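Chemist: First, the structure itself, so that you have it in front of you.
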Amino acid sequence: MHDEQQRPDHGPLSGFTVGVTAARRADELGALLQRRGATVVHAPALRIVPLADDSELLDATKELVGNAPDVVVATTAIGFRGWVEAADGWGLGEDLLARLRGVELLARGPKVKGAIRAQGLTEEWSPSSESMAEVLDRLLDEGVDGRRVAVQLHGEPLPGFVESLRAAGAEVIPVPVYRWMPPEDIGPVDRLLDAALTRGLDALTFTSAPAAASLLSRAEDRGLHTELLAALHHDVLPACVGPVTALPLQAHGIDTVQPERFRLGPLVQLLCKELPGRARTLPIAGHQVEIRGHAVLVDGALRPVPPAGMSLLRTLARRPGWVVARAELLRALPGAGRDEHAVETAMARLRTALGAPKLIQTVVKRGYRLALDPAADSKYADV
């Protein structure tokens, strides 16, 4: 046990709270984040409804088997596999594969190529960027006027893709393999939204465009759209697994961070770099103090801090070394009312949590200040 205490008592994401909106692979993403110390709040922003028993998919499959398309666009590996599996269940699997062997088959990316080849088929082309925009450009350059184009949808209609093909004269057959629906229990999503708005989250992760769109839609339904955008602009880091996922957020002017490789592992690694990089580190009373989402590192030791204490500490850290009046600190306390005694109570708890009482000085009749090291005064004087 003694050796354990010599090691850092935290991971790169300790002290940070990360929201997970994924429906698929949420457990995997949550485990990766927790392994690195994060507190995870999970609320699937949507649910995936497989359409093996769906009449739309059956009708689209029958139409394509009976009347060959010129082009088939496969957009996701899970969707393509699901389509073939559903067709097998209806006794149309062999007919569908036979039909797909004779058409121009386009794959959006390497995962889809793998799914296509696993069925004994070969794609004619795949974009290097994994971008549907590049697929669309190729089709429009080839010319689609009078051609039948089947598009395997990615959970929801692809924004602008089908419309652009139809405008260029194509007959488009949508193939809805699975559908995104709102979650049956909206409670967790509402709690996730509330946590984002109160800055109880440090980051929000998105692994699909429909999840991002669904969260924005729910915020709009609750009249919280503007507040959510403000949180994502300034305090809550939106992290997307790739550029397609980021589109609904970008449409609202939200900048996101994305890993170079569009996978869960690199997404978590990106957060391990970004969140500590955004944390404030100050030299206070001879200690190095790093202020994280719901904890503080004091000389590298993790100190969990209650929400009221974090609110006070952040307010003090906006002007390190300057006296902050009790009235201003009271305004920073969530739901404290008008009693300045609440500041003293929360401050006492904060000092206990930090384990180094001298970090925060009481200035009699004026308020409190962070005991910024003298050498740092000039550096932080204008903060």
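The values are calculated or read from the model by the stated rules, or taken from the named source; none is laboratory data. Please read these numbers as outputs of a predicted model, since none were measured by experiment. Cβ sites come from the backbone with ideal geometry, for glycine too, and all protein chains shown count toward neighbours. Side chains included, ligands, DNA and RNA excluded: accessible areas come from the protein's heavy atoms. Shrake-Rupley method; radii C 1.70, N 1.55, O 1.52, S 1.80 Å.
Chemist: Assuming Asp145 fulfils every condition listed in (1) of a type in the set (D, E, K, R); (2) part of a loop (DSSP other than H, G, I, E, B); (3) under 18 Å from Ser208 (Cβ atoms) apart from one, which condition is it?
Modeler: Of (1) of a type in the set (D, E, K, R); (2) part of a loop (DSSP other than H, G, I, E, B); (3) under 18 Å from Ser208 (Cβ atoms), only one is false for Asp145: (3).
Chemist: For segment 175-187, how many residues are outside any loop (DSSP other than H, G, I, E, B) and either surrounded by 20 or more Cβ atoms within 10 Å (Cβ to Cβ) or in contact with a strand residue (DSSP E or B) (Cβ under 7 Å, 6 or more places away or on another chain) (or both)?
Modeler: 5
Chemist: Among the listed residues Ala195, Ala203, Ala209, identify the single one that is free of Cβ contacts under 8 Å to residues at least 60 places away in the same chain and buried (at least 17 other Cβ atoms within 10 Å of the Cβ).
Modeler: Only one candidate passes the filter, namely Ala209.
Chemist: Could you pull out the residue among Gly120, Gly146 that is on the phi > 0 side of the Ramachandran plot and open to solvent by 60 Å² or more (accessible area, probe 1.4 Å)?
Modeler: One residue alone meets the criteria, Gly146.
Chemist: Tell me which residues, restricted to segment 141-161, are more than 23 Å from Gly102 (Cβ to Cβ), modelled with pLDDT of 85 or more and not aromatic (Phe, Trp, Tyr).
Modeler: Those that are more than 23 Å from Gly102 (Cβ to Cβ), modelled with pLDDT of 85 or more and not aromatic (Phe, Trp, Tyr): none in segment 141-161.
Chemist: Let me ask you something else. List the helices (runs of 4 or more DSSP H) inside segment 6-102, counting only whole elements, that have at least 2 residues being touching a residue at least 60 places away in the same chain (Cβ under 8 Å), surrounded by fewer than 19 Cβ atoms within 10 Å (Cβ to Cβ) and among the acidic types (Asp, Glu).
Modeler: Fully inside segment 6-102 and qualifying: 55-66.
Chemist: While we're looking at this one, here's another question. Can you find a residue in segment 308-321 that is open to solvent by 10 Å² or more (accessible area, probe 1.4 Å) and farther than 24 Å from Thr17 by Cβ?
Modeler: There is at least one residue in segment 308-321 that is open to solvent by 10 Å² or more (accessible area, probe 1.4 Å) and farther than 24 Å from Thr17 by Cβ.
Chemist: Let me ask something else about it. Return yes when Gly367 is on the phi > 0 side of the Ramachandran plot and either modelled with pLDDT of 90 or more or acidic (Asp, Glu) (or both) and no when it is not.
Modeler: Considered against the rule, which asks whether it is on the phi > 0 side of the Ramachandran plot and either modelled with pLDDT of 90 or more or acidic (Asp, Glu) (or both), Gly367 comes out as yes.
Chemist: How many residues, within segment 327-352, are touching an Asp or Glu at 6+ places or on another chain (Cβ under 9 Å) and surrounded by fewer than 18 Cβ atoms within 10 Å (Cβ to Cβ)?
Modeler: 1
Chemist: Additional query: Out of Leu237, Leu228, Leu249, which single residue is in contact with a Pro (Cβ under 7 Å, 6 or more places away or on another chain) and surrounded by 19 or more Cβ atoms within 10 Å (Cβ to Cβ)?
Modeler: Matching residue, one of Leu237, Leu228, Leu249: Leu249.
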